[in-house]
Structure formats: C-alpha cells, structure tokens
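The values are calculated or read from the model by the stated rules, or taken from the named source; none is laboratory data. None of these values were measured; they are calculated from a predicted model. Virtual Cβ from ideal backbone geometry, glycine too; neighbours counted across all protein chains shown. Just the protein is used for accessible areas: all its heavy atoms, side chains included, with ligands, DNA and RNA removed. Shrake-Rupley method; radii C 1.70, N 1.55, O 1.52, S 1.80 Å.
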Amino acid sequence: MSSLSRELVFLILQFLDEEKFKETVHKLEQESGFFFNMKYFEDQVQAGEWDEVERYLCGFTKAEDNRYSMKIFFEIRKQKYLEALDRHDRAKAVEILVKDLKVFASFNEDLFKEITHLLTLDNFRQNEQLSKYGDTKSARNIMLIELKKLIEANPLFRDKLVFPSFKTTRLRTLINQSLNWQHQLCKNPRPNPEIKTLFIDHNCAAGTSNGTRAPPPTNSPLAGPVPRPGVFPPIGAHSPFQSFVAPSGSAIAGWMSNANTSIPQAAVAAGPPSGHVQPPGAAAFLKHPRTPPGATGMGYQMADSGHLMKHFRSGQSEEVSFSGSTHPPNIYSQDDLPKAVVRNLNQGSNVMSMDFHPQQQTVLLVGTSVGDISIWEVGSRDRLAHKPFKVWDISSCTMPLQTTLVKDVTISVNRCIWGPDGSILGVAFSKHIIQIYTYNPAGELRQHLEIDAHTGGVNDIAFAHPNKQLCIVTCGDDKTIKVWDAVAGRRQYIFEGHDAPVYSVCPHYKENIQFIFSTAIDGKIKAWLYDCLGSRVDYDAPGLWCTAMAYSADGTRLFSCGTSKEGESHLVEWNESEGAIKRTYSGFRKRSLGVVQFDTTKNRFLAAGDEFQIKFWDMDNPNILTVTDADGGLPAIPRLRFSKEGSLLAVTTNDNGIKILANTDGQRILRMVDSRSFEGSRGLSEAINVKQPIDGALGPITNVSSPIVPPERSDRVQPPISISPLAGVDSSRMADMKSRISDHVDKIKIWKLPDIVDPAQLKALRLPDPLTASKLCLWNIDGWEKRKARPIQAPPGHTSSLVGETKIQFHNDQSHLLVVHESQIAVYDGQLECLRAWYPKDSLSADISSAIYSSDGLLVFTGFCDGAVGVFDADCLRLRCRIAPSAYISSSISSGSGNSFPVVIATHPSEPYQIALGMSDGAVHVIEPSDAEPKWGGSVPQENGASSSVPSSSALNSQPSDTPSR
C-alpha cells in the first residue's frame, strides 16, 4: 500500500474516532496493521477478552513470527489457562491446554509437561513458582507490564505504536478544501453554493442541479458550510491543484476501451463487462498515446489529450504524484543499510541472477552462467536445492531451438525470480526457453512448465496478475514481450513494437490498471496495457542502451538504471505523469566495465554495483550516501539483490561466490535461523505462510543436454562488454587486476593512522571495584553503572571464594552465558542466575583450561590441563564424549613437548563438529569426528557421571526455550 494510502487510513481512523465509531476504529487498526492501539489492547486484557486480544494481535503478528511474538502469545494463553484453573473449570483448562498451549510443546516439551501437571493439583499455587500468584486482576496487571515490554521490543511493531500527529478534523478540512477548489473552477459560481453530494464534482452551472439527492441540512455534519466565493483563498493557495479543461466521458472510454479485434493477436483476454470502463486514475504514465495501425477512430490523439492526462493524474488514484510534488523525506539512518558481511556462500560458477524469497527472508534463489539454479538458506548456509540445466522434453521444442542445442549446448541463466507468494519460481535462459518450478517449504523443487518462449535469448522474466490471474511475462531477442498463463503455459498476449531486442520488463499496477514497462537495447522505453493495442508511450532511456526499471516497495516511485555502449551509467527517478526524468543520481565511474545492476529497498534506499563496490543512495538525495567494498573480493560490476524487508543484501564475488550483507535486523534474523528454536519452528512458519503450489502437467525428461560453460553475453556476463572505448583493455581479468592494485594503494594511504598517545584522542573509563575474586558483573553500558554482581558458585565442598581467570561467552540466543573457570563450566541466565554447572571429576578431573560453544550453540567443547577435551550437550551439560590427548597428538610429538594442553579452542563457523585447538606449546590441531561416526559421542549413555549439579529454573517463569529439545 502506498504512503498516501497509509496516511489516508490514519485520517479515516481519526474521523471514525471523532464520530464515535469505536468498534470500527479498532477493526480498521487490526485489518490495516498500521497502528497498534496499546490503550485498547490493555483494556481488553484487563477485561479478560482473550479472543479479542488474540484477534487484534493477529493483525500485527503471529505466534511463529519471532521469539518476541511467541512469548506474547504464550503469556496470554498461560494466563487464560491459570484463570480457568483458578475458577476450578477443569474442562475449560483442558480445552485451552489442547487448543492453545500445545503448539508450544514442539519448542519446549518440558514446559508443556510442567503446565499439564498443574491439572493434577488442587490449587496450582502449590507449585513453587506460582506460589505468589495473587488474584486475577493483579495477575493481569503484572502480565501487562511484561507484554508491553515485549511489544515495544518486537521489531514487527516498530513505528506502529505512535499515532501520527496532525490537526483534528483533518479529513473534513481536506474535503472542504476540495469543495473550495471545485467551486473556484465553476464557470458560473453562485454566491451561495449548494453542496448536495460528495459523490460527484461540485458544479454551479446555471440551470443544472448538482446531483439528484435531496440537499442535506445547512450545516453538513461531514463537509460543513462552504465559504462564499468572496472569501475563497486564491487558487495558488491550494497548489498543486491547477485549472484544467475536463475531458469528456467518451474520451476516457475510448482511451481505456477493449482491444480492437481487427488487430492480429494470438489470444486476447476478455475485457471488462460491457458498459464498464477501467478506472483511469492510475494511467498517468500513458502520456502521449499513439493510434496503432488499423485502429483509427479510437480518439487517442485528441486536442485535449494533455488535459486528459492531467485529469488522470489528479483524479481518484491513491498513487497521486503531481509533477511539482515531493515525497516525504526519509528519516532513516545509514545504520539501516545492510553493510556488515555475515555469510559467504560458494556457488561454484558465475552468478548471473539472484532473488530473495518473498516470505522466507533468508531463502535465496540463484541462477548461474552454466544454467544451474540453487536455493540457499543463507542463515544456516545450507543449499536446499540444486538443479543443473536440463531440457525436460526436447521433442516439444521448436526446430530452431533443437537446431541451436545441437550446434551449441552451452546455456546461461539470464534471470531467475520468485512468484508473488514464493510457491513458484521462474527461470529465463539465454536460449529460447523458460522453466517454471513449484517450491514447497521443505526445499523441494518440482517441474511445472517448460515453454519455448522466444527466438533467441529470453532476456527477462516476471510475474503479474492481469484479470486477477497469475501470469508470466517474458521478453527476448525477437523484439517481443509475451504473457503466459502460469497454470497451463498458454500464451495470452504478445506485444510487438520494439525495433531492437527487449532487455527487461517491469509489470506493475495502479488501482486496478495493469500495465508493463519494457526497455530495449536501443534505449527505448515503452508501456503496454493488456489489450494488444500497441505501445502507449515511447521514451528514451538515459544512455540509449541496456536499462532496467523498478518501482519502490510501495509502488509510487519509478526508477531506472542502465549503461551506455560507451560505459556511462545512469540511475534516475522518473516522473510518470510527464515521462520526464525527475532526479539523476551521481557517483558512478566515468567508464563502467559492464552494465551496472541496481535494486531498491523499502521506500528508502537505492543500491548499485560499480567499481568493485556497492554504492548506496537516499532516494531523495542525488548525491551518493555511502559505499562498501564488502571486505573486498567483489567483481568490477557486482550483481546484488535486497531481501524483501531490506535487512539482507546478496552480492556476487569474483570467485563464483555470494556474500550476504546484513544490518542489525538482518543479523538478528540470521542468529534466529542458527538457533535450534528457529529451526524447530520453521516448519510451522512455512506451512502457514506458503500457499499450495500451482498444479500443472509436467512433461517427461528426455534427451538431456549437458551444462557447459556458455558464450559470453555483453549485457549479462561479468567480463566487460566489447565496446570501442574499452577496446584497449585486454581482458576483464587485466582490468580487475589494475583497478585492484590502485585501490589497494589508496587504502594503504587512507588507513595509515598516527599513533594515539594523548588521552585527549580517546575516551577511556576505568570500571570501579577491581575484582579480587571470580565474580560476574552486569553493567549498564549507558552510564557504566554496576547493576548486579554475583560470585561464581563454588563446587561442592569448596569453602573459600574462587579466584583465578574467568571467561564468559554469550549463547546464540543472546540470553544465556557460558561461564568458564578452572573449577567448572556453568550456564547462567541474563539475571546471573546459575542454571546448571559441571565440575571436573572421574576421567576428566584436571583443571579446565578453556571452553566454548559450538557454532550452532548445541555443544560445549572444553579443554583440560592434562590435554583432554570434553564434548558436552549445551542444554544440560551432559558429557557426550572424552577426547584423550593421545587421539590427536602423536606419540613422537607428545614425548618432545611434555604436557601440552589446549589454552584456547575455536569452533568452525559453519561446521559445528569441527574445532581448532591452540596448544600451550604453540601448536594448533584441527579435529573433527571420523567418517564412521559423524557426530561426537553419538551413542553415549544417558548419564555419564556428568549430571547437572544445579537444577534448572522452572519453565513457568520463562518463555519457551529458543533451543527445542530433540
């Protein structure tokens, strides 16, 4: 929904509230999801209206969205359950347990068991953790305090907790201004205009009546009295409204009428019902219509066509964008940009196209130069699916394609893209065909459609919804744009009119007007309605060569980015209503080494790959905002793709890989994927979010062609284009090498910092109370005040305070700590409460030298001063296995080095069972389980002399665990 539509919702909310439509107000808040009314939410919780509480919440989040949401729903349902028990309504309690609370059993089975056990008690307050439970009212108030903290911390509620500030009765004021403006345009304005209806424009024409409805009371409750003409402000006060000559109804009908059946076409979809005209409000981009051949008499080139377009632009469309208007300035900071490198993926071949899943934020679709496609879970670095190129049914292909494949079987992916809901994906290849797969949450790809779409290469593919039916839009070297039924693969439309191969397509809609922008390699931009009546616009793209177009996330702003044959790149914003460039963004290299790729995120930023870097712009500022080289290793013109939420950015590398960049939100999402709780909940989340795949006939796979390195394409492959200004460059490798050498020299100069010797050059703080004993301290980083301090719990039988070095490490869930001391390893919560501990004993009786969590947070690797290594379960500190020093240190080395032991342990970032041991003698050993036993201690008994000495806190007072039991 556009930003103007969002603001209109707020105006309507204000109007409904002023008119006392209370239930409607909260229904609109919930359905729009724009404003979370905390006061209303509190009232419903305090009243115990649990069904309404959850219904209202579901307009903003679902239980499986993130851990904050899960905690919110858990606390509400737990309170509802306890109240049923308090009323001794066991039947209701059982119903709540089965219908509402059982969903959390998959995340923490012990929690569910403990809650179920409350049914066996005469009074649940007999449970120690619930002994302080008071009456219902006080319990609800205590829960509300916790819920408010969770809601405020939940990123899904960001910017939704504060109602925008604007004057009262704002909607009435705007309507009065509109009536005022309409009256200004009357040819015969009356001194006392009579406003009878808002359904049609006001008109004071003599001898006519403004509508047929009975006049309302003198002081209309909605519009209010209209001022006399004498006190009307001048028309300039209501800019950007301007006077115009209204077009006739026949002109509008002729513009948007059904297709002329005399025009040859393969298939034309049925138009609107007879007598109904498609709304013109969103057709402002159709600035200068051209009568197609054989379609005379349609009235396209009327004398008032310019006024007609202005009427379209200033009409009912919610996407209003007057030529003189400006967008609200963005208030985001550079910290919202994904610039931190958090993942490296090895694709294995040159990446040509990428696209993030529309619902599963960390699932990335990749297409390569050898025709392969892969689907990655970037959080866990797992390749969920991989499909090498195959022709599914060579017998159904056209003879030109069969001939081409016989002569040269090399093929490349030109574009791959997800469908709107992520249940389908499309791949466009460099020779003739497109392939459509269905995708399910388990990562399984199934063949759905293979279409011999174009003669030559298929340069772009997209999905659209004309006539509320999912379709596939393609363009190709044969200078055409084609639209295909996504279910059966039948061609529905073909658009002809370009004089050069079509490089890209950009389907879009405004109101219920569906259209397609297309660009060709001669620099022409055209726009098409789904009526086969020819192109509606004919603009020139800057650079007059390869250009791609994209809308902002809310669909209100149109951008294009392209490169000329001379290597000059252009990133611009368009004024759709005028077909003119509104803003040109600066900061590109004078001679780019290829066709620059770009992307948009939200309604905030633009990004493009150029000069071995990613460059960012604020949409409202033509000057470059910032750049990043992603820690180096990028090609001259890196390809890039934002995730749908803008928190992740995928960037190609020059070693056939992909780097994933993230902002703070993106890093949080990836940590959740890494954690076991997210892994356990993913099945539930995906099952809810992903729609059923489209059913369709699948053809047999025969005469499979082998994937071989394809020929270079000037507009798609990484090596620089062969154009005259760059002819002096021998190869892309030489260009890359020269640029890198110069960049490296510059960086050395930039980062050669002086010595810091003066205290004025930095800020330093010495924390008070030096620790003389092993103690944990919790600090407030704002003022560095000590909030809590607690000595480490001594082992049983140890009477004096512990001394010596203590190390801590956060778990992936960011709520638990691993505490390492020579006398123990222990897990503490965020309040410094010891949840469980393990002390050296039996075969592992030496002092502990170091310990660390595995990369997935499921294991703890512990080193001992006798050289042994212990592998523990992280959740209960149960010993899985002991690794003797003789297992990884050869006898010849051990005899010469004495008693060597691990002083530091490092875990592999993506292989949780592989560790590196830094030894006291300076040696480093990298170890992992044998091939015969892929996991450490896979068959150890339940107890191995390593039981927890500290009982775990009750699950009733904590949220469902982030690491579900397996």
Taking a cut-off of 27 Å between Cα atoms, list the lysines near Lys582, but don't count ones fewer than 8 places away on the same chain. Lys287, Lys310, Lys510, Lys524, Lys526, Lys565, Lys590, Lys602, Lys615, Lys644
For the range 407-423 and the range 551-602, distance of Cα centres in Å: 24
Which of the GluC sites (Glu not before Pro) across the range 482-576 are loop residues per DSSP, with 16 or fewer other Cβ within 10 Å? Glu511, Glu566
Taking a cut-off of 18 Å between Cα atoms, list the lysines near Lys20, but don't count ones fewer than 8 places away on the same chain. Lys39, Lys167
Amide H of Tyr493: which non-local residues (sequence gap of 5 or more, or other chain) have their own amide H closer than 5 Å, using H built in the peptide plane? Val483
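Tell me the relative contact order for the range 352-591 as a rounded percent, counting alpha carbon contacts under 8 Å between residues six or more apart.
Normalised by residue count, the contact order of the range 352-591 is 9 percent.
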Check Tyr503: other-chain or 5+ apart residues with amide H under 5 Å from its amide H, H built from backbone geometry? Thr519, Ala520, Ile521
Tally Lys/Arg at +1 and Asp/Glu at -1 over every other residue whose Cβ is under 13 Å from the Cβ of Glu568; what's the total? +2
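Would you work out the charge dipole size for the range 771-822 about its Cα centre, treating the Cβ of every Lys and Arg as +1 and the Cβ of every Asp and Glu as -1, and quote it to the nearest 20 debye?
For the range 771-822, the charge dipole is close to 160 debye.
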Cβ-based charge dipole, the range 352-591, positive-most Cα from Phe515, Gly579, Ser564: Ser564
Which order do peptides 639-646, 55-62, 122-129 fall in by mean Cβ count within 10 Å, highest first? 639-646, 55-62, 122-129
About its Cα centre, how strong a charge dipole does the range 36-162 have in debye, to the nearest 20, once Lys and Arg get +1 and Asp and Glu get -1 at the Cβ? 140
Once His925 and Cys186 are pulled to full extension, the length gained, defined as 0.36 nm per residue separation minus their Cα-Cα distance, is 257.2 nm
So for each of 901-910, 364-373 I average, over its residues, the number of other beta carbons within 10 Å; can you give me the resulting order with the highest mean first? 364-373, 901-910
Relative contact order computed over the range 36-162 (Cα-Cα under 8 Å; 6+ residues apart), in percent: 33
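Counting only protein heavy atoms, what percent of the accessible surface of the range 352-591 is carbon or sulfur at a 1.4 Å probe?
Ligands and nucleic acids excluded, carbon and sulfur reach 48 percent.
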One point scatterer per Cα, no solvent, Debye formula: log10 I(q)/I(0) for the range 36-162 at q = 0.12, 0.17 Å⁻¹ comes out as -0.45, -0.91
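Taking 22 Å as R0, compute the FRET efficiency from the Cβ-Cβ separation of Ala488 and Leu445 and round it to 0.05.
Numbers: r = 20 Å, r/R0 = 0.89.
Computed FRET efficiency for Ala488 and Leu445 comes out at 0.65.
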Normalised by the residues of the range 422-518, what does the relative contact order come to in percent, with Cα pairs under 8 Å and at least six apart? 19
Compare the Cα positions of Leu640, Val651, Asn603 along the charge dipole of the range 598-656 (+1 at Cβ of Lys, Arg; -1 at Cβ of Asp, Glu; about the Cα centre) and return the one farthest towards the positive end. Asn603
Suppose every Lys and Arg Cβ carries +1 and every Asp and Glu Cβ carries -1, with no other charges. What dipole size does the range 352-591 come out with about its Cα centre, to the nearest 20 debye? 320
Using a Cα-Cα cut-off of under 17 Å, which lysines could be cross-linked to Lys807, ignoring same-chain neighbours fewer than 8 residues away? Lys775
Rank-order 472-482, 849-859 by packing density, defined as the average count of other C-beta atoms within 10 Å over each peptide's residues, highest first. 472-482, 849-859
Under 14 Å from the Cβ of Thr600, count the other residues' Cβ atoms, weight Lys and Arg +1, Asp and Glu -1, and hand me the total. -1
